[in-house]
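The values are calculated or read from the model by the stated rules, or taken from the named source; none is laboratory data. Model, not experiment: these values are computed from the prediction. Here the Cβ positions follow ideal geometry from the backbone for every residue, glycine too, while neighbour counts run over all protein chains shown. The area values use the complete protein model at the heavy-atom level, side chains included, leaving out ligands, DNA and RNA. Shrake-Rupley method; radii C 1.70, N 1.55, O 1.52, S 1.80 Å.
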Amino acid sequence: MSLNRKSLIVALTLTVTGVFATGIRSAEMSERVEKNAKNLDWLVEHPTIQKLLELHNQERARVGLSPSKLNPEMCLAAQKHAVWMAETGWFSHSGLPYRENIFMGVTTPEAATNGWIWSPAHHGNMLSGSEVGFGYMVLNGRYCWCSVMQ
């Protein structure tokens, strides 16, 4: 296993969705998330969230599984956790009642998804369940990704 791949796997610890907001304070993003929690179109229709869903379902199709359905409430939960990780700098699981993959540092949906695919435990999470939610946050150059499955 290459050093880069080992580093990538070490950086993992379980699930992703998102809003790109470089330079915005996390408290401001948290307020926006709460204010807009009733209508989640802003989140589930975001191009990055849609890309994460597409990549997630491509991997499921590759192994013969049906696509996961995007769950808006799960996206909101994942988004809140991604915001928290970006604000605090802590790389930690949320304690949400879902299987969860998290990632910090990579800058694209493809890199986050590939990292989860390379890790057997995270890959297993991706292949489980029928519903998924994604979240991500960029704060001061720190990228935080979260995906949740049930």
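Using only the Cα atoms of the range 57-150, what semi-axes does the equivalent ellipsoid have when each is the square root of 5 times a gyration tensor eigenvalue? Give whole Å, largest first.
Values for the range 57-150, descending: 21, 14, 11 Å.
Is the range 109-150 best put as rounded, prolate or oblate by its Cα gyration tensor, with a ≥ b ≥ c the root eigenvalues, rounded for a/c under 1.5, and otherwise prolate when a/b is larger than b/c, oblate when not?
oblate
Ignoring ligands, DNA and RNA, how do 100, 73 rank by accessible area with a 1.4 Å probe, largest first?
73, 100
List the residues, sorted by chain then number, that are 5 or more residues from residue 98 or on another chain and whose placed amide H is less than 5 Å from its amide H.
So residue 98 has HN proximity to no qualifying residue.
Ordering 122, 46, 93 by accessible area with a probe of 1.4 Å, largest first, what comes out?
From most accessible down to least: 93, 46, 122.
Leaving out ligands, DNA and RNA but keeping every protein chain, what accessible area does residue 66 have, in Å² rounded to the nearest 10, with a 1.4 Å probe?
Around 80 Å² of this residue is reachable by solvent.
Label-point separation (nm) for residue 62 and residue 130, each offset 7 Å from Cα along Cα-to-Cβ?
Result: 2.5 nm between the two label points.
Counting only protein chains, not ligands or nucleic acids, how are 118, 145 ordered by accessible area (probe 1.4 Å), most first?
Largest accessible area first, the list is 118, 145.
Quick one: Karplus J couplings for the range 62-76, per residue in order, coefficients 6.51, -1.76, 1.60, θ = phi - 60°, nearest Hz, x for Gly and Pro?
Ordered by residue, 3J(HN,Hα) equals 4, 9, x, 9, 6, x, 7, 9, 6, 9, x, 5, 5, 4, 4 Hz.
Quick check: net charge around residue 127, other residues with Cβ under 14 Å of its Cβ, Lys/Arg +1 and Asp/Glu -1?
Neighbourhood net charge equals +1.
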